[in-house]
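All of the numbers you see were taken from the coordinates with simple rules; none came from a lab. Quantities reported herein were computed from a predicted structural model and do not represent experimental measurements. Cβ coordinates were reconstructed from backbone atoms using ideal geometry, including for glycine residues, and neighbour counts include every protein chain displayed.
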Amino acid sequence: MISGSERRQHLWGIDCLRFAAALLVAFFHLTWAEQGVTTMVWFGWIGVQIFFVISGLVIARSANNTTPLRFVESRALRLYPAAWTCAVVGLLVAALVHHPIPDLAQRFLNSFFLAPVGPFLATAYWTLPIELAFYALIFVLLLVGAFDRLERVAVWLSVLSAAYNVALALQVAGLFAWPDLDFGYEWKNMTLLRHGIYFAIGIFIWLWSQRRLSRIGWAAFVIAVTAAPVEITCRTAELVEIMPVAITLAQAWLAPVLLWVAAVAAIVWSTKWEHKLGDPPKALQAIARSIGLATYPLYLLHEQLGEAARNWLLKFEVPFFLSVCLAILLSTMVALAVAVVVEPSVRRIMRGWLRAVTSVADGTPWLQRLLRPGGTL
């Protein structure tokens, strides 16, 4: 079981890694489709796979010895205030800057409510239903009081996801054709068959840091870590086909794999050994915490807001890469404002709603079940 001091310990390195992953995705989205700079940060999409590993770690860490209701509340307060705010900002940018979009209202509603499938205001939203599916899995564990079986769940995630990705790789290699095997960006990703390995890796890293990883867990960890480059290579193959410049899979597959491996190594270090360095200066702690909080709204905002700012700067003949950097800086500033100013106010309102609901349902059997601790490691 985690001690109180361990639960309070903040992982500053994880905040910095989150922000770095968001920057990778932002640079990717604002450069890869442009002929002259396609290969500049074309591998930045790997930030998504890094996010999934961090999510597996953070959710396992925070769900230990908590109640189902507290878990749902913490996830809702984290996801929806930023999603609502960023959806409104995205709607305004789309309405004011971009050409008329026929299905703008549908895109807004899908983004606002985090629908299982798009179309969304920005392509980055496709990962959020996957996160919600993983949260639902952890919620079920807590609800049935079986959080102590988290390792077993991670083992199954690893095995099933690895098997799927091997089959997908065989299809990408042309050894057989089964169109339904490619989930694309649709609701089938919520099965976690393609991306379950990443969440499992995050869980295993946390279990290992707590000295709770069994031999079976270690074996499944090896399977997941081995399967991850397979999934990354499949994603690279998909991108190679649509890039505006000629590039082969043989030329492209290694860069995102190495970057992902380096990120996982940094996650391991932050989880296990970061605390041995002692607390950083308060100023650095504040910066790390702020950029960590801004990561999620930056991820949601950077495509529409960043693209609009980049294109506006290009009209004044600002060099392309400098325009991209300034556009991402603007997106980061807006994301910080969302995280520091807007989200806390929305969360206070949401907490009031939740208190009202729980007070009305006080004493009912289903609420008592939600208030019961879901197990501990």
Under 15 Å, Cβ to Cβ, from Ile138 - net charge with Lys/Arg +1 and Asp/Glu -1: +2
Quick one: net charge of Pro81's neighbours, Cβ under 13 Å, K/R +1, D/E -1? +3
Rank Val41, Val222, Thr376 by how far each Cα sits towards the positive end of the charge dipole of the chain (+1 on Lys, Arg Cβ; -1 on Asp, Glu Cβ) and give me just the farthest. Thr376
Give a residue-ordered list of calculated ³J(HN,Hα) values for region 168-184 (Karplus: 6.51 cos²θ - 1.76 cosθ + 1.60, θ = phi - 60°; whole Hz; x for Gly, Pro). 4, 5, 5, 5, 4, 6, x, 7, 7, 10, 9, x, 5, 6, 8, 7, x
Give me the net charge for the shell around Ile349: Cβ to Cβ below 14 angstrom, other residues only, Lys and Arg +1, Asp and Glu -1. +2
Given a Förster distance of 51 Å, report the FRET efficiency between Val261 and Ala361 from their Cβ-Cβ distance, rounded to the nearest 0.05. 0.60
Candidates [x] 61, 50, 45; [y] 63, 57, 52; [z] 60, 43, 39; which is the computed Cα extents along the principal axes in Å? [x]
Measuring from its Cα centre, the chain shows a charge dipole (+1 at each Lys and Arg Cβ, -1 at each Asp and Glu Cβ) which, in debye to the nearest 20, is 1460 debye
Within region 151-232, chymotrypsin sites (Phe, Trp or Tyr not before Pro) in DSSP loop having at most 11 other beta-carbon neighbours inside 10 Å: Phe176
Packing-ranked peptide list from 358-364, 338-344, 122-128, 35-41, highest mean Cβ count within 10 angstrom first, is 122-128, 338-344, 35-41, 358-364
Select from Leu192, Ile205, Pro365 the residue farthest towards the positive end of the dipole of the chain; place +1 on Cβ of Lys and Arg, -1 on Cβ of Asp and Glu, and compute about the Cα centre. Pro365
In order through region 287-303: 3J(HN,Hα) via Karplus (6.51 cos²θ - 1.76 cosθ + 1.60), integer Hz, x for Gly, Pro: 5, 4, 5, 5, 5, x, 5, 7, 4, 5, x, 5, 4, 7, 8, 5, 5
Footprinting proxy, Glu231, Glu34: sorted fewest to most Cβ within 10 Å, the residues are Glu34, Glu231
When Arg194, Arg355, Arg289 are ordered from fewest to most other Cβ atoms inside 10 Å of their Cβ, what list results? Arg355, Arg289, Arg194
Using θ = phi - 60° and the Karplus curve 6.51 cos²θ - 1.76 cosθ + 1.60, what whole-Hz ³J(HN,Hα) does each residue of region 217-222 get, with Gly and Pro shown as x? x, 4, 4, 5, 4, 4
Expressed in angstrom and rounded, the centroid-to-centroid distance over alpha carbons for region 42-80 and region 323-377 is 13 Å
Just name one of Ala76, Phe108, Phe176: the one whose Cα is farthest towards the positive end of the charge dipole of the chain (beta-carbon charges, Lys/Arg +1, Asp/Glu -1). Ala76
The FRET efficiency for Met350 and Ala95, from their Cβ-Cβ distance with R0 = 30 Å and rounded to 0.05, is 0.70
When Cys325, Cys86 are ranked with the fewest other C-beta atoms within 10 Å first, the list becomes Cys325, Cys86
